[in-house]
Structure formats: C-alpha cells, structure tokens
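Right, one structure below, let's go through it.
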C-alpha cells in the first residue's frame, strides 16, 4: 500500500494488496457464518427424534449417516417425513436457501411386517384431490386424481388430467397432496 500525497484523505492500494485484503475479508466472514457443511450427526438426531428410536434399534435408522456427506449448510430446521407407505424410509429435507433432500433407511419395527396393521387410508385410488406445488413464498394448486391409496404422510402417485403422466406427491390431509418445490 502507498499513501497519497499529504493533505489528501484516503489510501491507494497496489494491485498486490487487493487479493490479500479480499482473502482476509473472506476468512473473517466465514468464521462468523454457518458451518461449511451440515453435520451428518444433525441428520441422525433429526431422524431419531422423528422415529422415536435410536440408530440400529427397531423403528430407527438402520445405520448412522455417512460422515463423508458434504451437504450444504441448512439455516432452517430440518424437515423429516415418511417416504414410503411401509415406513421403511424417511425423507430429510433442508428447505433453506440451498435446499437438499436425502433418504434414510429405517429398521422394521416389531409387528411392521407387510401383514401388520397400517393406518387407514385417507385417500383412495380414484379420489378427487387437490394437488399443490408449494415452495418458498408461493403455492400453486390444481384439481387432480389419486392413482393409488395412502395415509397422511404417504407419497402416492397423482394425475392432474387423464392424459398426464402420474407424479409423486405427499398426502398432507384428506383431499390434499403436496409436491414440495426446492
């Protein structure tokens, strides 16, 4: 750096000093912001709280999240929901500025065999439903039809017209299926 002539206020930076100052600013901001990645232990904790069972226990995650995961930091609480009708997997989602979604396999709980009692379906195949696409700050909805039956929290195929290809949506309540937009 070199100083300007006496009487002038300010500094004139040489071309070599600018990258050094920018690097120092980046380091300072990084030290005050979110961690570089989402800690896989945070995902494990969210799954355990959602299922009510520890890792490896019946009804809990089959195994701990891979420590090599490099998911973007999440500034909002993680959203966890059942991904399969048989409750063999959960979806963990960050709906923050840099969104991501992963799926975690679940150990079958005792009595959760294919013949075990399941919650009664709230949507039956052929039912008229509202299909909503919901994102940050917006939602769009359209009339549709359930292609398969399901309970609240289940992901089912829905169709918005007879000629349209089926799409997957999560049942939020009877008559409403939601497609989250990242």
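We did not get these values from a lab; they are worked out from the coordinates using the rules stated. This structure is a prediction, so every number in the text was calculated from the model and none was measured. In this analysis, Cβ positions are derived from the backbone assuming ideal geometry, glycine residues included, and neighbour counts consider all displayed protein chains.
A Förster radius of 35 Å, combined with the Cβ-Cβ distance separating residue 147 from residue 81, puts the computed FRET efficiency at roughly 0.95. Per-residue packing, averaged as other Cβ atoms within 10 Å, sorts the ranges 63-71, 125-133 into the order 125-133, 63-71, beginning with the highest. Straightening the chain between residue 99 and residue 173 buys 24.2 nm, computed as 0.36 nm per residue apart minus the Cα-Cα spacing.
Between residue 41 and residue 66, the modelled labels are 2.1 nm apart [label points 7 Å from Cα along Cα→Cβ].
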